[in-house]
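S.K.: Quick one: the structure is below, and I'll ask about it shortly.
Values in this text are rule-based calculations from the coordinates and carry no lab data. In this text, all values refer to a predicted model and were calculated from it rather than measured experimentally. Neighbour counts are summed over all protein chains in view; Cβ atoms, including those assigned to glycine, are modelled from backbone coordinates with ideal geometry.
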Amino acid sequence: MNTYSTKNIRNVVLLGSSKSGKTTFAEAVMYEGKVIDRRGTVEAKNTISDNTEVEQINQRSIYATPLYAEFMENKLNIVDTPGVDDFVGSVISAFKVCDSGIMLVNATQGVEVGTEIFGRYAEDYKKPLILGVNQLDSDKANWDSTLDSLHQTFGNKPVVIQFPTAVGSGFNGFIDILKMKMFVFKDENGTREEKDIPDEFKSQAESMKSALTEMAAENDEALMEKFFADGDLSEEDVNKGLRIGFMKGEIYPVFCLSGKKDIGTKRLMEFVIDIAPSPDHNPEKTVEGKEVSCDPNGPTSIFFFKTNMEQHLGEVLYFKVESGKLSEAQDLINPNNESKERISAIYAVAGKLKTKVSEMLAGDIGCTVKLKSAKTNQTFNQSGDDDVIAPIVFPQPRYRTAIKPKEEKDNEKLGEALAKANAEDPTVMVEYSKELKQTILSGQGELQMNIVKWHVNHDYNIEADFLAPKIPYRETITRVSSASYRHKKQSGGAGQFGEVHLLIEPIVEGVPAGTRFHVEGRDLVPTIKAHEEFQLEWGGKWEFNNCVVGGAIDAGFMPAIKKGIMQKMEEGPLTGSYARDIRVYVYDGKMHPVDSNEISFILAARNAFKEAFKGAAPKIMEPIYDLEIMVPGECMGDVMSDLQNRRAIIEGMSSERGFQVLKARVPLAELYKYSTTLSSLTSGRATFTMKFAEYQQVPSTVQDQLLKDYEAEQSEEE
Ligand SMILES: Nc1nc2c(ncn2[C@@H]2O[C@H](COP(=O)(O)OP(=O)(O)OP(=O)(O)O)[C@@H](O)[C@H]2O)c(=O)[nH]1
Ligand SMILES: [Mg+2]
């Protein structure tokens, strides 16, 4: 294979809702690029893109798959992505290394939620977008309504470059407004004929052409002048103006396609080579915000955007050359650990096909193997250069589950399998929660979790179960309370003696600490001799006040008293959850000249704290999440009534490009498998994000149930 110069590379992410036909279209691109001489199908499980066993079983893309085609003396790298937003992490990684996108829209459906979601990402990342109206050969295809939905979603950005002469089984070509020609396809292998536009379509084509020309002219002053002088522009000039609008993200050119019948593929590829930006238009930034120029003569720098375990190859790392030239056997430095690593082999990638090359220039995408320390999101540099490319930012999880091996002995191996799942898809997060005593797996959705489980079982031979994840409740108090406790033990030898009197009050933001209390039948105005505040690692805080006067307890025992209280805070008296937001005053106590020691005061403080806690109207607190749900208008009623059953508080509603956006606060306890329910309520047309907001007290009915559950659990364990 040739070495392609930066200017002759196009990196394009292939986007679209689930089943819009991305993988099938990618197959046609590979065919037109002569990478393959026969096209596979998703059904026959032999496409070049969906080449992993798990993708073939599920008949859908799960990973971002880079593919290339050598075409018109350029290298076209396209990255096929999954359409289900459980795998949005792959889409985000693909965006990172691509400079423009092709969004496929299924002409039988029009805009779907995936179109909307990935369209938003394209806008956020400022990547120009081409819209391919696909599956026009399908009986249910509808060009007009698909176009309407595109305008509803993207406003006046979609600009028709081609329109079909017929849709459904008769779809065999289209009128191309840029070329002012009709393209007719004679077979299902992309063989095309360019013809004059027939009379019946002439006036439509001409009026569209003049609108397009004017729109192209509007993007550039010189073009505008030319347009006014001549009343027309050459194809080259229209391309130029179109390109300016396209690059600014103001024009989304619309194309006609049938990926399955290879209609329109090649024409779209030509357009991409003509119009889409080469990688030097889109320089990366370092973590410090410095621009890294995509210059083949600069220092070598490569960024890893994907990791995958592959048969026969082991761990494969996919990279983009961000700057300079990468050569076979080149030594690079991993700035994270200053270690040197040799890039032993470089491959150009077309899914499972890997072609060994000797070098790659800035902007190109490839993969390598046998690296010791490389991970997704790392940068490797030529020695002397320590630029670190800003990492890919992955979304917050919105699905939680606990996972447990059927057999205890598999615990360690399960950890290994889950670490691999995280390496391959960084939106899969794994945490062993000491507090909940569960391995919590979180990510984007149930389907994604099932894929993790499949890998655990298939690759590691571990049988594992998903369990409902426990909720990290917190405990706190709502009123002042006091207690005293004497710990005394005399059993021959040295005895133990410690007595602690303490008072606790809730810490409430904005409410000052109390100054006068009523305890043990008298008024107490604490004289604070020492005050300390502690932020708790599980959220919230606690304060400790030593108010002991007259030497009742030696200051030397205060650390033991704090320790005792802290032990009880770690295991809340109500349900064993962590306690928080409590202010403690130790105001009296007793010592014994011989028997008092550390352990005595730890135990006295623990018990006094526990007693006081029980009398302080304790409450259980639960984590509350902010949800933002994007729903098609007609499903709004169902989504709302479901939310009401989840103790949700609706905070706002707005409409955005044909969808309703609902904001709500919902307790985590009510969100188990929410994404699955939402999907079934809306036939997969809604999506949402969730973010931790705060801890709030649970309603009393919920508290009663939790106390009962805890009691039952305790007696079971006894
Ligand atoms: N009629 C028709 N069917 C198509 C076309 N393209 C794809 N399909 C069918 O649509 C289904 C989905 O195709 P894929 O290529 O897997 O779609 P995808 O967008 O890659 O789907 P995900 O990877 O799941 O997001 C398959 O059954 C294809 O055969 C097309 O142009 N015309
Ligand atoms: Mg696919």
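S.K.: Along the charge dipole of the chain, Cβ charges K/R +1 and D/E -1, which of Ser17, Gly576, Tyr63 sits furthest on the positive end?
M.R.: Gly576
S.K.: For a 29 Å ceiling on Cα separation, which of these pairs sit above it: Lys34/Lys127; Lys126/Lys195; Lys562/Lys614; Lys404/Lys541; Lys22/Lys320?
M.R.: Correct reply: Lys126/Lys195; Lys404/Lys541.
S.K.: Quick one: if the Förster radius is 60 Å, what FRET efficiency do Lys375 and Lys590 give, using the C-beta to C-beta distance and rounding to 0.05?
M.R.: 0.55
S.K.: So, one more: Quickly work out the Leu467-to-Lys352 label distance, labels modelled 7 Å from Cα along the C-beta direction, and quote it in nm with one decimal.
M.R.: 3.9
S.K.: To continue, here is another question. Over all directions, the average projected area of the alpha-carbon convex hull for the range 284-381 comes to how many nm²?
M.R.: Taking the Cα atoms of the range 284-381, their convex hull projects to 5.8 nm² on average.
S.K.: Take the chain, drop everything but the C-alpha atoms, weight them equally and run the Debye formula without solvent; then report log10 I(q)/I(0) at 0.06, 0.08, 0.09 Å⁻¹ to two decimals.
M.R.: Rounded to two decimals, the profile gives -0.49, -0.76, -0.89.
S.K.: I would also like to ask the following. Where does helix 235-247 land angle-wise versus the long Cα axis of the chain, in degrees 0 to 90, nearest 10?
M.R.: In the chain, helix 235-247 runs at an angle near 0 degrees to the longest axis.
S.K.: To continue, here is another question. Using only C-alpha atoms and all pairs of different ones, pull out the Kirkwood radius for the range 475-617 in Å with one decimal.
M.R.: Roughly 15.2 Å, rounded to one decimal.
S.K.: So how tilted is helix 22-32 from the main axis of the chain? Cα-based, degrees 0 to 90, rounded to 10.
M.R.: Orientation of helix 22-32: about 40 degrees from the principal axis.
S.K.: May I have the convex hull volume per residue, in Å³, for the Cα set of the range 620-702?
M.R.: Cα convex hull per residue, to the nearest whole number: 83 Å³.
S.K.: In nm, to one decimal, how far is the modelled label at Ala211 from the one at Glu236, with both set 7 Å along Cα→Cβ?
M.R.: Inter-label distance under the simple model: 2.8 nm.
S.K.: Then there's this: Highest mean first, what order results for 335-342, 69-76 on Cβ atoms within 10 Å?
M.R.: 69-76, 335-342
S.K.: For the chain, what's the relative contact order in percent, using C-alpha pairs closer than 8 Å and at least 6 residues apart?
M.R.: Computed over the chain, the figure is 10 percent.
S.K.: For the range 417-488, give the magnitude of the charge dipole about the Cα centre (Cβ charges: +1 Lys/Arg, -1 Asp/Glu; no others), in debye to the nearest 20.
M.R.: Computed charge dipole of the range 417-488: roughly 820 debye.
S.K.: Turning to a different aspect of this structure: Using the Cα centre of the range 319-434 as the reference point, and only Cβ charges (+1 on K/R, -1 on D/E), how large is the resulting charge dipole? Debye, rounded to the nearest 20.
M.R.: 520
S.K.: Taking the Cα centre of the range 284-381 as the origin and placing charges on Cβ (Lys, Arg +1; Asp, Glu -1), which of Met309, Tyr347, Val292 is farthest toward the positive end of the dipole?
M.R.: Met309
S.K.: Please state, to two decimals, what the Cα-based radius of gyration of the range 1-109 comes to when divided by 2.2 N^0.38 Å (N = residues).
M.R.: Expressed relative to 2.2 N^0.38 Å, the Cα Rg reads 1.03.
S.K.: Going by a ≥ b ≥ c, the root eigenvalues of the Cα gyration tensor, does the range 465-534 fall in the rounded group (a/c under 1.5), the prolate group (a/b larger than b/c) or the oblate group?
M.R.: Oblate shape, in that a/c is at least 1.5 and b/c is the bigger or equal ratio.
S.K.: Determine the sum of side-chain charges near Gln496: Lys and Arg each +1, Asp and Glu each -1, restricted to other residues whose C-beta is under 14 angstrom from that of Gln496.
M.R.: Once positives and negatives cancel, what remains is +2.
S.K.: A further question on this structure: Using a ≥ b ≥ c from the Cα gyration tensor of the range 172-297 (square roots of the eigenvalues), is it rounded, prolate or oblate, where a/c under 1.5 gives rounded and otherwise the larger of a/b and b/c decides, a/b for prolate?
M.R.: oblate
S.K.: So how strong a dipole does the range 209-308 carry about its Cα centre when Lys and Arg Cβ are +1 and Asp and Glu Cβ are -1, to the nearest 20 debye?
M.R.: 740
S.K.: Could you work out the pair-distance distribution P(r) of the range 72-161 from its alpha-carbon pairs, with 10 angstrom bin width and percents rounded to whole numbers?
M.R.: 15, 47, 31, 6
S.K.: Another one. May I ask you to sort Cys256, Cys98, Cys367 by Cβ crowding, counting other Cβ atoms within 10 Å and putting the fewest first?
M.R.: Cys367, Cys256, Cys98
S.K.: If packing is taken as the average count of other Cβ atoms within 10 Å, what order do 516-524, 665-673, 159-167 fall into, highest mean first?
M.R.: Descending mean neighbour count gives 159-167, 665-673, 516-524.
S.K.: Listed highest first by mean packing, meaning other Cβ atoms within 10 Å per residue, what order do 18-30, 173-185 come in?
M.R.: 18-30, 173-185
S.K.: Using a Debye calculation, one point per C-alpha and no hydration shell, please list log10 I(q)/I(0) for the range 419-551 at q = 0.12, 0.16, 0.17, 0.20 Å⁻¹ in order.
M.R.: The computed values of log10 I(q)/I(0) come out as -0.74, -0.93, -1.00, -1.25.
S.K.: Among all the lysines, which ones have a C-alpha under 17 Å from Lys372's C-alpha, if same-chain residues fewer than 8 places away are not counted?
M.R.: Once the sequence-local lysines are set aside, what remains near Lys372 is Lys306, Lys340, Lys420.
S.K.: If one puts a single equal scatterer on every Cα of the range 576-718 and applies the Debye formula without solvent, what log₁₀ I(q)/I(0) results at q = 0.12, 0.13, 0.14 Å⁻¹?
M.R.: Log-scaled intensity ratios, in q order: -0.68, -0.75, -0.81.
S.K.: Can you tell me the relative contact order of the range 399-470? Whole percent, Cα pairs under 8 Å, sequence separation 6 or more.
M.R.: Relative CO of the range 399-470 lands at 48 percent.
S.K.: Work out the charge dipole of the chain with +1 on the Cβ of Lys and Arg and -1 on the Cβ of Asp and Glu about the Cα centre, then indicate which of Gly366, Tyr31, Tyr674 is farthest towards its positive end.
M.R.: With unit charges placed on the Cβ atoms, the residue in question is Tyr674.
S.K.: What full-extension length gain, to one decimal in nm, is calculated for Met72 and Glu532 as 0.36 nm per residue of separation minus the Cα-Cα distance?
M.R.: 158.4 nm
S.K.: Can you give the direction-averaged projected area of the convex hull of the alpha-carbon atoms in the range 399-470, in nm²?
M.R.: 4.2
S.K.: Please report, in whole Å³, the volume per residue of the convex hull around the C-alpha atoms of the range 575-637.
M.R.: Convex hull volume per residue, Cα atoms: 144 Å³.
S.K.: Another question about this same structure. Run down the lysines and flag those whose C-alpha is under 22 Å from the C-alpha of Lys19, throwing out any fewer than 8 positions away in its chain.
M.R.: Candidates past the 8-residue exclusion: Lys45, Lys140, Lys260, Lys261, Lys266, Lys352.
S.K.: Quick one: Cα centre-to-centre distance for the range 541-566 and the range 202-261, in angstrom?
M.R.: 78
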